[in-house]
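Undergrad: Pasting a structure below so you can have a look.
Nothing in this text is a laboratory measurement; each read-out follows from the coordinates by a stated rule. Because the structure is a prediction, the values reported are computed rather than measured. Here the Cβ is made from the backbone with ideal geometry for all residues, glycine too, and neighbour counts use every protein chain on show.
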Amino acid sequence: MHDPARFLRAAILALAILGTAARAQEPAAAPAQPAEAAATHIGLIYRPQPVPSSYDAEAPPADEGVAGARMGIADNNTTGRFTKRSYALDDIALTEGGPSAVDAARALTAKGIRFLVVALPADAVLAVSEAVGAEGNGAVVLNALAPDDRLRGADCRANVFHVAPSRAMLADALAQYLAFMRWRKLFLIVGPTDADRLYADALRNAARKFALKITAEKPWTFGPLARARGDTPTRAEAMVFTRGLDYDMAVVADEAADWGDYVAYRTVDPRPVAGTQGLVATTWSPVLETWGAAQAQNRFRRLSGRLMRPLDYQVWAAVRVVGDAATARKSTDPAILIAYLTDPAFGLPAYKGVSLSFRPWDHQLRQPLIVVQPKALVSVAPEQGFLHQRTPLDTLGTDLPETTCRLK
């Protein structure tokens, strides 16, 4: 008789041999791939612009700044394909009844975001800086809008880097051009707002610095005529306002653009207008096409359907600062990048003909500024002949011997 137990053992052995043979014919499993690095998120806090009036072609678009951030993220990701890094944008709009700037900053840092681009006024920049600094997480704040010189002076902060130019830089760029052209006598017209007075202070300092003379100064008291878009009973008074003065250039301080555009062609004597309107110093304009800027202009238009504005450029540059520094240092650790941003090795290519760098004493981004009128590039500052022991870029704005900034 057959032994049932022996038969069962033989059957099990046969099945095991067949299973081993079948597995030998299966393709080998692919080796485990390393997990892709998580995206580096960059936060943007901004205040949306109101819907422009139908007649105002120059009014800021609703996505001003945001569109620049999106192009910056796209550029970071283009580089990131070669360095195995990726970037993403987290933006928060500060609307009426919505979160405050501090609430927005805390919401972003709570998600692990350590790079915050802020397109907000000076007080909000300081509030965000102190809020994230108190958390001790090493977050970096990149100021893309506020031009206030106090942020680079007595109110400077170690965790804040300024991509937006200061008022001193803007005034110096314009003053250098006027000095270069030998248009030395200025008629300064100052608007009623605090921002207008701060810009006027910067112009006075620039005039002293570059040997210009303010031969007359008056406040603007005729209201927002530029926004009225038509003649008013005050037109004759405004013309009399410029009578009997000796000047080469009328310089207006009207940061809100309420009346500065009204001055041109309404002065008693034929004189050009500069300052916040007319001939202006700025970071960017659609008329800039050299140094690869034309390609950047076209790329921005394809992405956003409109022309690039100064705030778009400044937010783009802030986002690119993070991407370029992370690529150079192979890290997104804020402590490592903060140290690198003030290192002489750091340089940001930004369509200005030279690499941009941060001043170690106040964290201001050094950059050429363009002097433009609405339809043409007029000049680029620093002008030829204005020399400096480090770089001509330090002839614009507050230099090291003059700074009141004490970074902690």
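Undergrad: Just how large is the dipole of the chain about the Cα centre, in debye to the nearest 20, putting +1 at every Lys and Arg Cβ and -1 at every Asp and Glu Cβ?
TA: 960 debye
Undergrad: Before rounding to the nearest 500, sum -39500 (n - 2.57) across all DSSP H runs of length at least 4 in the chain and divide by the residue total; then give [θ] at 222 nm in deg cm²/dmol.
TA: Helix-only estimate at 222 nm: -11500 deg cm²/dmol.
Undergrad: On a 0 to 90° scale, report how tilted helix 310-329 is relative to the longest principal axis of the chain, with both axes built from alpha carbons and the result rounded to the nearest 10.
TA: 40 degrees
Undergrad: Amide H to amide H under 5 Å from Leu145: which residues, 5+ apart in sequence or cross-chain, H placed 1.01 Å off N in plane?
TA: It is Leu120, Ala164, by chain and number.
Undergrad: Output the antiparallel fraction of DSSP beta bridges having both residues in the chain, as a percent to the nearest 5.
TA: Beta bridges within the chain, antiparallel portion: roughly 25 percent.
Undergrad: Expressed in nm to one decimal, what extension gain is obtained for the pair Thr327 and Leu303 from 0.36 nm per residue of sequence separation less their Cα-Cα distance?
TA: That works out to 6.3 nm of additional length.
Undergrad: What whole number of Å gives the distance from the Cα centroid of segment 314-328 to the Cα centroid of segment 266-294?
TA: Going from one Cα centre to the other spans 27 Å.
Undergrad: Counting only residues 5 or more places away or on other chains, whose amide H sits under 5 Å from the amide H of Thr40 once H atoms are built in the peptide plane?
TA: Result for Thr40 returns Ser86, Tyr87, Ala88.
Undergrad: By its C-alpha gyration tensor, with a ≥ b ≥ c as the square roots of the eigenvalues, how is the chain shaped: rounded for a/c under 1.5, else prolate for a/b larger than b/c, else oblate?
TA: It is prolate, given that a/c is not under 1.5 and a/b is the larger ratio.
Undergrad: Suppose the chain between Thr290 and Arg150 were pulled fully straight at 0.36 nm per residue; how much longer would it get relative to their current alpha carbon spacing?
TA: Result for the pair: 47.1 nm of gain on full extension.
Undergrad: By how many nm would the segment from Asp123 to Lys375 lengthen if fully extended, with 0.36 nm per residue of separation less the alpha-carbon distance?
TA: Contour length minus the Cα-Cα distance gives 87.3 nm.
Undergrad: Counting only the backbone N, which residues of segment 246-279 are under 13 Å from the spot 7 Å out from the Cα of Lys185 toward its beta-carbon?
TA: 246-250, 269-271
Undergrad: Students often forget the sequence filter, so: which lysines lie under 23 Å Cα-Cα from Lys185 once same-chain residues fewer than 8 apart are removed?
TA: Once the sequence-local lysines are set aside, what remains near Lys185 is Lys209, Lys213, Lys218.
Undergrad: Relative to the longest principal Cα axis of the chain, at what angle does helix 122-135 sit, 0 to 90 degrees, rounded to 10?
TA: 30 degrees
Undergrad: If you don't mind, another one. Taking the alpha-carbon centroid of each part, what is the distance from segment 164-195 to segment 356-379 in angstrom?
TA: With segment 164-195 and segment 356-379 each reduced to a Cα centre, they are spaced 14 Å.
Undergrad: A further question on this structure: Place a +1 charge on the Cβ of each Lys and Arg in segment 236-383 and a -1 charge on the Cβ of each Asp and Glu, then give the dipole magnitude about the Cα centre in debye, rounded to the nearest 20.
TA: I would put it at about 760 debye.
Undergrad: Right, here's the next one. Modelled label-to-label distance, Glu135 and Ser86, 7 Å Cα→beta-carbon offset: nm?
TA: Spacing of the two 7 Å Cα→Cβ label points: 2.3 nm.
Undergrad: Based only on other Cβ atoms within 10 Å, what is the fewest-to-most ordering of Arg70, Arg167?
TA: Arg70, Arg167
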